[in-house]
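Input: a single structure, listed below in structure tokens.
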Amino acid sequence: MTSKPVSLWDHSAEEPEVSQPFKPDSKVDVAIVGGGFTGLSTALHCAEKGLSVQLFEAEQIGYGGSGRNCGLVNAALWLPPAQVREKLGETYGPRFIKQFGKGPEYVFSLIEKHQMRCEVTRTGTIHAAHSPGGLRDLQGRMDEWQRLGEPVELLDRAAVSEMIGTERFYGGLLDHRAGTINPMGYCRGLARAADQAGATISTGIRVTRLQKEGTGWVVETDQGVVHAKAVILGTNAYTDELWPDLKRIFTMINYFQLATRPLDGKAASILPGKQGLWDTAPIMFNIRRDAFDRLLIGSMGKVMGTVDSGLSQRWASHQIRKIFPQLGPVEFETAWHGQIAMTPDHLPRIHELGTNAYTAIGYNGRGITTGTLFGKAMADLLTGMDKADLPLPITSLSTVPSAPFYSRLYQTAFTANQVARSIV
């Protein structure tokens, strides 16, 4: 089990870690692999429905993309609603848009219900236009969301400058449904809630094999076996070779973050409403402030160098100096990166891996709401919901042969972007 901090959130989260001893040779209704948003949400919702649950996490709760998330609780997908309807059709499209448009509301309801200590804000998020073309795209998105009756508004340059504290952007789309959290605090809060509902959460245990046994499964781990009626894989971008070819259905990209030291009031003019922000550029970046007045900035790619020196530190320093010159020089406290599973059509997947074995995967950078909602859907599915009522149709597992090539290509492009934006 790792002792190295996963991210800033790992040591700033107020929620304690949760783990229980694993009892080998036990029998449960559901075995879950992965202690991130999907696995923990599945554990919580299954336990609340009266199912016996054993969750396995090879490292620590939130070790993967969940605990490395930038913490923006956004509604729906990257894709605008019209493209979602086009790709999913008139049965699933409107259903998916409606359910995932309400995703932040459901996340916030769980946080309130279980009193999770995760630095929650509900002041929205801002999709900021990096160019006039970006602003036109946001105008189209706003028109679609407002036709659906959703609370989003387009900010002009003056309004967005006041909300962000910079004149670098051409406008922005403010989504009042959204907000921010400490994602590790949310992970641990889900684990605590699942534990209190009766689920067993065990960390530091790696599942090594899944073997069919009649209508159920034998789940082999490096510390013994468990017999389960059903299996849920909640590993997303951190999927390994446990299920053949599963990690080959998506392109893996990295996303990095740097956090400044607490700025002690110096950043009062920056995002005073504590909204999270990301921009419309093809290689996007995000900015937000945490509850301790740190400024966080990140983009696609890996951390190159250390928090004190190297390419990523220079990139972050340059971006902050360019966007927020009023801050002056800043020092960084922490740097980290995580993995994102990107699918060819930018839609997530639900796969049936065998009888009573499922995975939800390919979140395309929207892990908080998607993982939470899919966890609830998995629990509903295992307790009698018709498959036709899922947010997405169950699809066959289809590999993307070019995925490893594109993963390397994207990493090269992201590194080049850090170089270019460190000097421009």
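With respect to Thr343, determine if the residue is touching a helix residue (DSSP H, G or I) at 6+ places or on another chain (Cβ under 8 Å), open to solvent by less than 30 Å² (accessible area, probe 1.4 Å) and either under 30 Å from Pro404 (Cβ atoms) or of a type in the set (Gly, Ala, Ser) (or both). For Thr343, the condition - touching a helix residue (DSSP H, G or I) at 6+ places or on another chain (Cβ under 8 Å), open to solvent by less than 30 Å² (accessible area, probe 1.4 Å) and either under 30 Å from Pro404 (Cβ atoms) or of a type in the set (Gly, Ala, Ser) (or both) - is not met.
I'd like to check something: does the range 322-331 contain any residue that is open to solvent by less than 10 Å² (accessible area, probe 1.4 Å), in contact (Cβ under 8 Å) with a residue 60 or more places away in the chain and part of a loop (DSSP other than H, G, I, E, B)? Within the range 322-331, one or more residues are open to solvent by less than 10 Å² (accessible area, probe 1.4 Å), in contact (Cβ under 8 Å) with a residue 60 or more places away in the chain and part of a loop (DSSP other than H, G, I, E, B).
Only one residue in Glu17, Glu57 is under 23 Å from Val225 (Cα atoms) and of a type in the set (Asp, Glu), so which one is that?
Values: Glu17 fails: under 23 Å from Val225 (Cα atoms).
Glu57 is the lone residue from the list that is under 23 Å from Val225 (Cα atoms) and of a type in the set (Asp, Glu).
In the range 346-376, of all residues being surrounded by fewer than 22 Cβ atoms within 10 Å (Cβ to Cβ) and of a type in the set (A, V, I, L, M, F, W, C), the one that is nearest to Ile32 (Cα to Cα) corresponds to Ala357. Please indicate, with yes or no, whether at least one residue in the range 98-115 is outside any helix (DSSP H, G or I), surrounded by fewer than 24 Cβ atoms within 10 Å (Cβ to Cβ) and among the polar types (S, T, N, Q). Yes, the range 98-115 has at least one match. One residue stands out among those in the range 75-97 that are small (Gly, Ala, Ser) and over 19 Å from the mean Cα position of the chain (by Cα): the one that is least open to solvent (accessible area, probe 1.4 Å), which is Gly93. Residues in the range 135-158 that are free of Cβ contacts under 8 Å to residues at least 60 places away in the same chain and within 16 Å of Ala82 (Cβ to Cβ): Arg136, Gln139, Met142, Asp143, Gln146, Arg147, Gly149, Val152.
Annotation note: Cβ proximity below 6 Å between a residue of the range 357-372 that is farther than 15 Å from Ala76 by Cα and a residue that is outside any helix (DSSP H, G or I) and open to solvent by less than 10 Å² (accessible area, probe 1.4 Å) (sequence gap 6+ or interchain) occurs for Ala357/Val231; Tyr358/Ile232; Thr359/Leu233; Thr359/His351; Ala360/Ile350.
Within the range 79-94, residues that are without any contact (Cβ under 8 Å) to a residue 40 or more places away in the chain have Cβ atoms under 8 Å from residues that are surrounded by fewer than 17 Cβ atoms within 10 Å (Cβ to Cβ) and not charged (D, E, K, R) in these pairs: Arg85/Pro94, counting only partners at least 6 apart in sequence or on another chain. With respect to the stated conditions, Leu72 fails to be over 13 Å from the mean Cα position of the chain (by Cα), under 16 Å from Leu373 (Cα atoms) and buried (at least 23 other Cβ atoms within 10 Å of the Cβ).
The values are calculated or read from the model by the stated rules, or taken from the named source; none is laboratory data. These numbers were taken from a predicted model, which means no experiment stands behind them. So basically every Cβ, Gly included, is an ideal-geometry build from the backbone, and we count neighbours across all protein chains shown. Note: accessible area is taken over every heavy atom of the protein model, side chains too, but ligands, DNA and RNA are not part of it. Shrake-Rupley method; radii C 1.70, N 1.55, O 1.52, S 1.80 Å.
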